[in-house]
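Student: After the structure tokens below, expect a handful of questions from me.
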Amino acid sequence: MSNVPVGAFSLVLHTHLPYCRKAGMWPHGEEWIHEALAETYVPLLDALYALRAEGVRTRLTVSLTPVLVEQLADPDIWAHFERYLEDELEAAEADLARARSTGEADLARLAAFYVRFYERVRSLFVEVYGRNVVAAFKALQDEGRIEISTSAATHGYLPLLSRDASIYAQLRTAIASYERHFGRRPTAIWLPECAYRPAYLAGDGIVRPALEEFLSAQGIKVFFVESSAIEGGRSAGIRGGLLPGAYEVARRRYVLTGNVEAELPTGRGTTFKAYYAQGSEPLAVPPVCVIGRNNRTSMQVWSADMGYPGDAAYREFHRKDEVSGLQYWRVTGPRVDLGHKAYYDPDLALERVASHAAHFAELVAEEARRYADQTGEFGLVSSHYDTELFGHWWFEGIEWIKQVLRHLAADERVALTTATEFVADHASGEVITLPEGSWGAGGTHWTWDNPDTHWMWEPIHMAERRMESIVARYPSPSDQERLVLAQLARELLLLQSSDWPFLVTTGQAKEYAIERFEAHAARFDELATGLEQGMTRALIERAHELWQVDNVFADMDHSWWAARQGRAD
């Protein structure tokens, strides 16, 4: 076997939860973060540090959204999480006592398993990571083992924001948060919901810049899209040989709410390449690369039919003990009723993890080899997943990641890489025009703008314009005015979160999402009205009160919201 790799593999984990600090507990609210910490984030760190101790060279991209980082770095979240762990331990210990008293050996074995699991998570969180998982991720990045990519500040759905000041502020806030937590500027970004928008001529005659122009202005080098965006995109040629006539994409919009308003691009790109994104004229300088998801490898996890998480041996997510809420059963079979699931067997599950990890690693190598054989080029296999899928939904998924990385680190056919590392060394030099869209239904914006959620966008757009007007009204604010302006900006950012319409559309937490959306809208309106009427002591006190609840982005600068329609910088 040649020791020269034929291609590269990039594992990209997108890590995001809505802003839920001090927003209630089960079934929605802060417990989302506690569950993800216990089952996903702490175990993922444990796996990566274990590989480090083994001497395994890991290279992967972990996207941490700014709003999640702000919460994970919050001492209140730390304290609440420790109480959550105590509650889970008490529940498992009570189940253990109950099982022993009734002679249920399988239940007793599994309850003891959960006692050990939560004791280890608590030990790692408190004693090993000092409660600060953000710092633990930072240390891995500082050592060159992972790349931490960013996202828009509150996961705002950028293509549907009406003002370029909002897009700029979402990104500028994200950059500032990243620098504060990680001591450097990010070079990779996960666009919220993989939602992309090229430049277009708005109704007022202003050309709205393409999203990559905003990214370029912030020093971002690479972003990610769905495979369909690349495979349906059009290669515009080699950078430097472009003609002005190639950019008609700058003057039209693509699929908005399910209706095709213009012919989609012709020709096809490949997700094995990193292209320069071209959504307007001229090309963004410096140019920004785009990487698409490799469909074949990603579907090995995502597919409901052939995906690994549906294996009969893995823990069943949906059935929970009626007393403790702990999950003691396995999938058993795709058509087995929840009431007839067999008890979970951790040892059997680990056997399946080993098999699936080896299968996936070989699949990656095959994909890289196939592309090299067909084209003679060094290609990229980039697999993208929501981080919370692993550990939380697919309980064994973190161990699977660990074993996959171990396999591929030892495979001479494949080079492990991060997104920025790959584009620095292997950007194709080709330019591609991307269609407007997202990962959502039909590749459109429908999941976030549909009959159930369309009402949410008018308050957002009105607040955007109002914010610009208020910023213009306070060109040289006092310290107290600056404090209120900063809190106003936080409430607008939180209002713009894509999570609220998403949760309404999916029905996962519709009433909760509407309540959260309306709360941020009301807080914004209250502060905005006060600023428009003039500063008062009561307004300052109210801003302090809201900071105690919504305390993200300590270095918020209201000037980031200054009007800049038609400008990306």
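Just so you know, all these numbers are worked out from the coordinates, no wet-lab data involved. Just so we're clear, the structure is a prediction, and the values are computed from it rather than from any experiment. Glycine also receives a Cβ, built like all others from the backbone with ideal geometry; neighbour counts cover every protein chain displayed.
Student: Quick one: dipole size for the chain, taken about the Cα centre, charges +1 on Lys/Arg Cβ and -1 on Asp/Glu Cβ, in debye to the nearest 20.
Tutor: Numbers: 56 positive and 80 negative charges, 248 e Å.
My answer is approximately 1200 debye.
Student: Another question about this same structure. Could you give the nm distance between label points at Asn295 and Ala139, where each point is 7 Å from its Cα heading toward the beta carbon?
Tutor: 4.2 nm
Student: Which value, in Å³ per residue, describes the convex hull spanned by the Cα atoms of segment 454-561?
Tutor: So the per-residue hull volume is 96 Å³.
Student: Would you mind classifying segment 339-471 by shape? Square roots of the alpha carbon gyration tensor eigenvalues, ordered a ≥ b ≥ c; an a/c under 1.5 is rounded, otherwise it is prolate if a/b is larger than b/c and oblate if not.
Tutor: Taking the square roots of the gyration eigenvalues as a ≥ b ≥ c, segment 339-471 is oblate.
Student: Once you sort the root eigenvalues of the Cα gyration tensor of the chain as a ≥ b ≥ c, which label holds: rounded (a/c under 1.5), prolate (a/b larger than b/c) or oblate (the other case)?
Tutor: oblate
Student: Further question: Ranking request for peptides 439-445, 74-80: highest mean number of other beta-carbon atoms within 10 Å first, then the rest in descending order.
Tutor: 439-445, 74-80
Student: Here's another thing I want to ask about it. Around Ala486, under 12 Å between beta carbons, what's the net of Lys plus Arg minus Asp minus Glu among the other residues?
Tutor: Neighbour charge sum, excluding Ala486 itself: -4.
Student: In 10 Å bins starting at zero, report the fraction of Cα pairs in segment 1-153 per bin as a rounded %.
Tutor: Histogramming segment 1-153 at 10 Å steps yields 10, 33, 31, 17, 7, 2, 0 percent.
Student: Right, another one. Could you tell me the calculated FRET efficiency between Met535 and Gln565, based on Cβ-Cβ distance and R0 = 22 angstrom, to the nearest 0.05?
Tutor: Between Met535 and Gln565 the formula returns 0.20.
Student: What aspartates and glutamates sit close enough to Lys341 to cross-link, taking a C-alpha to C-alpha distance under 20 Å and skipping anything fewer than 8 places away on the same chain?
Tutor: Answer for Lys341, where 20 Å is the Cα cut-off: Asp95, Glu104, Asp106, Asp305, Asp311, Glu316, Asp321, Glu322, Glu351, Glu396, listed by chain and number.
Student: Run the reach check for Lys273 against lysines, Cα to Cα strictly under 21 Å, same-chain hits fewer than 8 apart removed. What comes back?
Tutor: The qualifying lysines are Lys221.
Student: What size of dipole, in debye to the nearest 20, comes out for segment 364-474 about its Cα centre when the only charges are +1 on Lys and Arg C-beta atoms and -1 on Asp and Glu C-beta atoms?
Tutor: Charge dipole of segment 364-474: 280 debye, to the nearest 20.
Student: To make sure I understand the rule: partners must be aspartates and glutamates, Cα under 12 Å from the Cα of Lys22, and not fewer than 8 residues away in the same chain. Which ones qualify?
Tutor: Leaving aside aspartates and glutamates fewer than 8 places away in the same chain, those within reach of Lys22 are Glu30, Glu31, Asp74, Asp76, Asp550.
Student: Take the alpha carbon atoms of segment 514-559, find their radius of gyration, then divide it by 2.2 N^0.38 Å using N residues; give the quotient.
Tutor: Cα-based Rg divided by the globular estimate yields 1.19.
Student: If you project the alpha carbons of segment 62-129 onto their three principal axes, what span does each projection cover, largest first, in Å?
Tutor: 48, 24, 21
Student: Highest mean first, how do 529-536, 467-474 rank when packing is the count of other Cβ atoms within 10 Å averaged over residues?
Tutor: On the way: 529-536: 13.2, 467-474: 17.2.
Going from most to least packed, we get 467-474, 529-536.
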